[in-house]
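Chemist: Got a structure here, written out as structure tokens. Questions coming.
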Amino acid sequence: MVPKNMKLLPLPPYAPELNPVEHLWDELRDKCFGNAVFDSLDALESHLEVSLREMELNQKQVHSIVAWPWIINSLLN
């Protein structure tokens, strides 16, 4: 059962271009990783944590990536 304060939006079975989080990952890969090579999995995880925290603090950037008009409209209606 879906809580009253939530609204489910059906998406096609495979449509990553419609999933905003996919665009966040694209931004993260482009801006924070590029062609980086890490000495270990721990180094990669550490870099990922730092990058995600920086992204979390930049709400304007995240908003510009994920707040598409059709998403905002569906949430407000």
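Bear in mind that the values in this text are calculations on the coordinates, not laboratory data. This is a predicted model, so every value here is computed, not measured. So basically every Cβ, Gly included, is an ideal-geometry build from the backbone, and we count neighbours across all protein chains shown.
Chemist: Output ³J(HN,Hα) for segment 40-49: one whole-Hz value per residue in order, computed from phi by the Karplus curve 6.51 cos²θ - 1.76 cosθ + 1.60 with θ = phi - 60°, and x for Gly and Pro.
Modeler: Once rounded to whole Hz, the list reads 7, 5, 4, 5, 5, 4, 5, 5, 4, 4.
Chemist: Please list 33-41, 56-64 highest first by mean number of surrounding beta-carbon atoms within 10 Å per residue.
Modeler: The packing order, highest mean first, is 56-64, 33-41.
Chemist: Express in whole angstrom the spacing between the alpha-carbon centres of segment 12-42 and segment 49-77.
Modeler: Cα centroid of segment 12-42 versus Cα centroid of segment 49-77: 15 Å apart.
Chemist: Also, I was wondering about something else. Counting Lys +1, Arg +1, Asp -1, Glu -1, what net charge surrounds His63 among other residues with beta carbon under 14 Å of its beta carbon?
Modeler: Counting the neighbours of His63, the net charge comes to -1.
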